[in-house]
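Asks: I'd like to ask you about the structure that follows.
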Amino acid sequence: MPLNPVVAGMLEQMAAAGGPALSDMSPAEGREMYRAMQPVTGQPELHSVRDAAASGPAGDVPIRIYEPGPGKDRPCLVYFHGGGWVIGDLDTHDGVCRKLAAGTDCVVIATDYRLAPEHACPAALDDCYATVEWAAANANDLGIDPARIAVGGDSAGGHLSACVALRARDTAGPSICYQLLVYPVTDTGFDTVSYEDNKEGYMLTKDSMKWFWNHYLSGSSLARTDPMVAPLQASSHANLPPACVITAEFDPLRDEGEAYGARLREAGVATEITRYDGMIHGFFTMSDVLPDGQAAIDQSCAGLRAAFGG
């Protein structure tokens, strides 16, 4: 399918504007650029949105709690933002979290995990896992049902969600009922067909992914094949939570995301895999200008509602 014409127009405008590539920037410059390029998304009215902190072994993790309405025993989605483990924050994904909270009638807890390269892998994963543990341990105070906690995220956030689910399974950790994986990073190689076909010109580039990986693994003690780095390399994907895997046609990460979904299915995990044709990496956060972005939000909400029991 050809590139969506609205997306094509956006990419043409970006190319005309010029400027350095992300791979030529410092992490600080990349963070500022990423904040500036985020679209102003619709913000559904919610009962409460507040910043707080989840306590963990490495200290407090900043979080933002989205409550769609009053009440107790609501399901919960712990959300991890994208940005290659280097860029992104609570504000860059505020609109997405608001839409997910409104569309699922669940509490969303967004996690402002530590970023690389200042904090080596697995610091980000440790923060994300600590937030899930904290949410389960404080379910009563948070007004959530500890039996209905899901994890989810886009890009690097999808990667962290998959890793959290694997760690919870392997360490008898918190019960996770669902994993929402939006164009997730699942492996450390750059040799897939989608990497070659989409290596440049579609916002996320092969060089950008190398930049992200180099910063994320700088100073890390974990090998590139460790399942907490490359969840596709896990020896088993059995007994993991049901999953929704969303990919984009013109995305370097397309093939590894779909490979992870296939691996889950082969292991007997109920998994929905959907490729959005004509779309690029990042379309999930562009739901106000891309109908397919809103469709992916709606699909995510439907999957979460089903996992939560209605």
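Asks: Compute for segment 205-256: radius of gyration divided by Kirkwood radius, i.e. Rg/Rh, restricted to C-alpha atoms, rounded to two decimals. The partial results should precede the final answer.
Replies: Numbers: Rg = 13.4 Å, Rh = 13.2 Å.
Here Rg/Rh amounts to 1.01.
Asks: Right, something else. Can you give me the Cα centroid spacing of segment 266-296 and segment 53-72 in angstrom?
Replies: 27 Å
Asks: Counting other C-beta atoms within 10 Å, and keeping those with at most 12, which DSSP coil chymotrypsin sites (Phe, Trp or Tyr not before Pro) do you find in segment 1-96?
Replies: Qualifying residues, ordered by number: none.
Asks: Chymotrypsin sites (Phe, Trp or Tyr not before Pro), restricted to segment 180-271: which are DSSP loop and have at most 16 other Cβ atoms within 10 Å?
Replies: PHE190
Asks: Further, regarding this structure: For the chain, what relative contact order do you get, as a whole percent, if you take Cα pairs closer than 8 Å and at least 6 residues apart?
Replies: Relative contact order for the chain comes out at 18 percent.
Asks: Here is a follow-up. Of the GluC sites (Glu not before Pro) in segment 121-204, which ones lie in a loop per DSSP and count no more than 16 other C-beta atoms within 10 Å?
Replies: Those that pass, being in a loop and sparsely packed, are GLU200.
Asks: Here is a follow-up. Once all Cα-Cα distances of the chain are split into 10 Å bins that start at 0, what whole-number percent is in each one?
Replies: That works out to 6, 30, 39, 21, 4, 0, in percent per bin.
Asks: For every helix of n ≥ 4 consecutive DSSP H residues, a contribution of -39,500 (n - 2.57) applies; sum these over the chain, divide by its total residues, and give [θ] at 222 nm rounded to the nearest 500 deg cm²/dmol.
Replies: -11500 deg cm²/dmol
Asks: I'd like the distance separating the alpha-carbon centroids of segment 204-261 and segment 86-138, in whole Å.
Replies: Value for the Cα centre distance between the two parts: 18 Å.
Asks: I would also like to ask the following. Please return the longest range in the chain lying between exposed loop sites, taking trypsin sites (Lys or Arg not before Pro), DSSP loop only, at most 15 other beta-carbon atoms within 10 Å, and leaving the sites out.
Replies: 73-223
Readers should treat all values here as calculations from the given coordinates under stated rules, not as data from a laboratory. Since the model is a prediction, treat every value here as computed from it, not as a measurement. Note that each Cβ is placed from the backbone with ideal geometry, even for glycine, and that neighbours are counted across all protein chains shown.
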